[in-house]
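What follows is a set of notes on a single structure, which appears directly below.
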Amino acid sequence: MRPGGELVDELDALIDKLSAGERRVLLALRELDGAEVDTIREQADLRELVEVMNSASWLASKGMVTIGERVDRYAVAGPEAAGVVERGLPERRALEVLARTGMLGMGDLGPEAGMEKKEASIALGWLKRRGWAEIRRTEDQTVLEITTAGEEMSDDTTPDEEMIARLVEAGRKGVPEEELDPEIWKMLRERKEVVRVREEVHRTLTLTGTGKEALSRGIEMREEVAQLTPQMLRSGRWREVEMRPYDVNAYAPALHGGRPHPIRDTLEKVRRAFKQMGFTEIVGDYVQSAFWNMDALFVPQDHPARDLQDTLYLDGGYDLDVDPEVIDRVRRTHEDGWETGSRGWGGEFSMEEIKRPLLRTHTTALTIQYLAEHPKEPCKIFSLGRVFRHEAIDYSHLAEFYQVEGIVMEPGASFAMLVGVMREFYQRLGFDDIRIRPGYFPYTEPSMEVEVLLNDKWLEMGGSGLFRPEVTAPFDVHDPVLAWGLGLERIAMIMYGIDDIRQLYESDLEWLRNRPLR
C-alpha cells in the first residue's frame, strides 16, 4: 500500500456513506466556499435552511466542513417608544410641571403630570438620577424641587430622547449597535419597554482540507433510499435504488418519554396486588377525631403518641357522630376493661379529649370505622392514603407519607391465615424470600413483623396481627380480625434501591428519567 493509502481508504468509505443532503451541500461549496447558508441553500436546491444546517452538522462531525457564526445586534424601538416620542419620557413630563411650579409636594407629582403611581415613581427616580430635581424637607411636608440643571434642560432635548426618536423612525429593521453611543445605549437599555435588541445570526460554511480532498475525488449525486416501503416492494423499484447504509454506532439523542412517578407506580402495584387477592379499597378523610384515631384503637389517653410533638392537632372541635352507647363502651374499656377480660388502662376517661380534631396519624382510623359500620359482615378491605406525623424530616422520616392498611374479618380467620395473606401479598410485589418474626404493636395480639430478603439482607417491611378484643368488642365485632400496616415509601425505597426517603419526592429529573423499571 502506498504511503497514505490507509487514509485514502478511510476517505473513500466516508464519501460512500454521505447522504444526499450532505452531497448537495459539498457540491454547492465547490463554487461557494465560505458562503452563508441561505446562499448555499439556493445553490444546493434545498427547500429549507434546516436541511442545510442538518447536513452541515453531519459534515462538520465528519471533519469535512467548519461552521462559522456571526451575530449582528440591532437596537429597535420597543412597544412604548412611539408613545415616548409623542408625549415625552416620564421625567421629561415631570420636569415640565416643575419648570412651571418650581416645587411640588411628593404626592402631587403624579396628578399634576397626569401619571399613574408607577409611572410617577419612575419619573422621580430619573429626575434624581439626572440631577434635574432634588427632594427636600420643609416644615410640614416633603417636596420635590427643580435644580439648576433641571431648569437648563427644560427646553433642551437629551441624547437618549434623540436616540429613541431615531429608533422609531428606523422601524423594525432598527439601528446597528455599533452606530450608537455606548454610554447612552447602555443607559437606554434599562428602559426595557422603550427599546429592545434584535439579533441576526449569520452562519457560514467553509470546506476543510478533508472536504476539498473529497470533492477532488469526485462526488456524484445518486438516488438513495433510507426506508423500504410496501410500494417499492410491489413495484420492484427496490432493485433500482441504492439503500442508504445505517451506522448503528452513531450518536443519537436520548428520548425521555412520559412515565409514572415512582410513588404513583408503587401505589398502583400495591393496589393491583390487593385487588387480585379479592380485596376492596376504602377511602376516608384526612381530618379525624381523636376518638377514631386513638381511643377506638385502645390507645391510652396519656400515651406519648398523643403529644403535640407527635400528632398534628387542629383548632376547634369535631362533630362526633357516634352512638353514645358505643362511646360509653369504649370509655369503660379504657377505664376497667368492660366485658373484654382486660383490666383497661385505669384512670378517668376524658370525653373532651375524644372530640379533638387532628390530621390522621394512620389509616387504621378508617379501618375501625368500617368495622363499626359493618360489625357482622365478613370483609377483605384495604386502604392507601396519606398520613401525617409531627416528625423531623431526615433520610428515613417524613412528616407526610403514604400508609398501606388492610384487614380480613371472618369467622375462620386465624394467625396462620394472616401469615399466608402476608406471604402472598409480598410475593405479588416481587419479594420471594419472606420470613415472619414475633412483634409487638399496641392494638394487635398476637403480632408479627414481616421481613424480605434483598441483597443478602433481611429488611423489615411492616407490622401485623389480630385486633385485640379491647378494639373490636365495643363495636360488637366478635369474629377475628386480621390487620396489617406498612409505609408505602418503604416498599418504593426497596424497589428502586435508594437509601434516602426524601429522594422519592425530590424533583431530580436525572434520577426520574433513568430510574430502573420495576
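Laboratory data are not the source of any read-out in this text; all were calculated from the coordinates shown. Because the structure is a prediction, the values reported are computed rather than measured. Glycine gets a Cβ as well: all are built from the backbone with ideal geometry, and neighbour counts include every protein chain shown.
Could you compute the net charge surrounding Tyr402? Neighbours are other residues with a C-beta less than 15 Å from the C-beta of Tyr402; K and R count +1, D and E count -1. Please report the intermediate quantities before stating the final value.
Details: positive: Arg264, Lys269, Arg271, Arg360, Arg386, Arg389, Arg490, Arg502; negative: Asp265, Glu268, Glu281, Glu391, Glu400, Glu405, Glu489.
In short, +1.
Taking 37 °C and 0.692 mPa s as the conditions, I'd like the Stokes-Einstein D for the range 338-461 in µm²/s, using the Kirkwood hydrodynamic radius from alpha carbon pairs.
Working: Rh = 17.6 Å.
The calculation lands on 187 µm²/s.
Starting at 0 and stepping by 10 Å, how many percent of the alpha carbon pairs of the chain end up in each bin?
Values per bin, smallest distances first: 3, 12, 13, 10, 8, 11, 15, 15, 10, 3, 0.
Of all the C-alpha pairs in the range 250-334, what % are more than 18 Å from each other? If you can, show how the numbers build up before the last one.
Values: 2408 of 3570 pairs.
Of all Cα-Cα distances in the range 250-334, 67 percent exceed 18 Å.
Expected output is a single nm value to one decimal: the length gained when fully extending between Glu31 and Tyr313, i.e. 0.36 nm times separation in residues minus the C-alpha distance. What is it?
Numbers: separation 282, 0.36 × 282 = 101.52 nm, distance 8.08 nm.
Extending this stretch completely gives an extra 93.4 nm.
Order these peptides, 372-382, 148-158, 397-407, 126-136, by their mean beta-carbon neighbour count within 10 angstrom, highest first.
Details: 372-382: 14.9, 148-158: 12.8, 397-407: 19.8, 126-136: 16.9.
Most protected by this proxy first, the peptides run 397-407, 126-136, 372-382, 148-158.
Of all the C-alpha pairs in the range 122-234, what % are more than 16 Å from each other?
When all Cα pairs of the range 122-234 are counted, 77 percent exceed 16 Å.
Of all GluC sites (Glu not before Pro) in the range 35-71, which ones are in loop regions per DSSP and have a Cβ with at most 11 other Cβ atoms within 10 Å?
Details: sites: Glu36, Glu42, Glu48, Glu51, Glu69; in loops: Glu48.
Sparse-neighbourhood loop GluC sites (Glu not before Pro): Glu48.
Mind grabbing the base-10 log of I(q)/I(0) for the range 201-351 at q = 0.10 Å⁻¹? Debye formula, identical points on the C-alpha positions, no solvent, two decimal places.
Rounded to two decimals, the profile gives -0.70.
Rounding to the nearest 20 debye, state how big the charge dipole of the range 264-514 is about its Cα centre with +1 on each Lys and Arg Cβ and -1 on each Asp and Glu Cβ.
Numbers: 26 positive and 44 negative charges, 154 e Å.
With only Lys, Arg, Asp and Glu charged at Cβ, the dipole is about 740 debye.
Evaluate the relative contact order of the chain (contact order divided by residue number), counting alpha-carbon pairs under 8 angstrom at least 6 apart; express in whole percent. If you can, show how the numbers build up before the last one.
Working: 758 pairs, mean separation 64.4, N = 518.
That works out to 12 percent.
Expressed in nm to one decimal, what extension gain is obtained for the pair Gln427 and Glu179 from 0.36 nm per residue of sequence separation less their Cα-Cα distance? Intermediate results must be reported in sequence, preceding the final value.
Values: separation 248, 0.36 × 248 = 89.28 nm, distance 7.55 nm.
Roughly 81.7 nm would be gained on extension.
In whole angstrom, how long is each semi-axis of the equivalent ellipsoid of the range 264-514, when you take the square root of 5 times every eigenvalue of its Cα gyration tensor and sort them from largest down? Working shown, then result.
Working: eigenvalues 192, 100, 50 Å².
After diagonalising the Cα gyration tensor, the semi-axes are 31, 22, 16 Å.
How long is the gain from Gln301 to Arg136 if the chain were fully straight, where each residue apart is worth 0.36 nm and the alpha carbon distance is subtracted? Don't jump to the answer; show the numbers that get you there.
Values: separation 165, 0.36 × 165 = 59.40 nm, distance 6.78 nm.
This chain segment gains 52.6 nm when fully extended.
Given H placed on each backbone N at 1.01 Å, which residues far from Thr208 in sequence or on other chains put an amide H within less than 5 Å of it?
Result for Thr208 returns Val65, Thr66.
When the gyration tensor of the range 1-140 is built from Cα positions, what are the square roots of 5 times its three eigenvalues, in whole Å, from largest to smallest?
Working: eigenvalues 933, 54, 25 Å².
Equivalent ellipsoid of the range 1-140: 68, 16, 11 Å, largest first.
Need one number: the % of Cα-Cα pairs in the range 79-156 sitting beyond the 21 Å mark. Could you put the intermediate results ahead of the total?
Values: 606 of 3003 pairs.
So the pairs more than 21 Å apart make up 20 percent of the total in the range 79-156.
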